[in-house]
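Read the structure below first, then the notes.
The values are calculated or read from the model by the stated rules, or taken from the named source; none is laboratory data. Because the structure is a prediction, the values reported are computed rather than measured. Positions of Cβ are backbone-derived with ideal geometry, glycine not excepted, and every protein chain shown enters the neighbour counts.
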Amino acid sequence: MTSILILDLALTGALLLLIGGSVVFYLSNYRWLKAYGTDVGAIITHVRRDNIAHQTCLVTATWTDPRTGRRWTFKGQRLDMGYQAGHLVGIRLDPRHPSHYMMQ
């Protein structure tokens, strides 16, 4: 009986550490991008609206790096503010690693 309780407490503690660590990682990444990221404008290529609540949408946008000519695709879950394909959306990204970004 006590071994099951100890196992439950250990698993709960491990789960809380994992969740806490991921939150700390997300917040530090967010703060770094806010402080040192570069703002670019990406063209929205696709908007998939939520069929249930009609309040959120998945926005897909592309941006071409002028230095390398490489095209980057960004995805973000957003509140539905009337996004349409062809419009611009702000992206803040790490210039050295454009795969690290946040959609504004």
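Can we say L33 is assigned to a helix (DSSP H, G or I) and surrounded by 12 or more Cβ atoms within 10 Å (Cβ to Cβ)?
Working: assigned to a helix (DSSP H, G or I): yes; surrounded by 12 or more Cβ atoms within 10 Å (Cβ to Cβ): yes.
Criteria met by L33.
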When region 81-102 is checked residue by residue, the ones that are surrounded by 15 or more Cβ atoms within 10 Å (Cβ to Cβ) and free of Cβ contacts under 8 Å to residues at least 60 places away in the same chain are Y83, V89, I91, R92, P98
Of all residues being of a type in the set (V, I, T) and in contact (Cβ under 8 Å) with a residue 40 or more places away in the chain in region 1-59, which is farthest from Q84 (Cα to Cα)? Just the residue, please. T38
When you go through D50, D39 one by one, which is the residue that is at pLDDT 90 or above, on the phi < 0 side of the Ramachandran plot and under 20 Å from the mean Cα position of the chain (by Cα)? D39
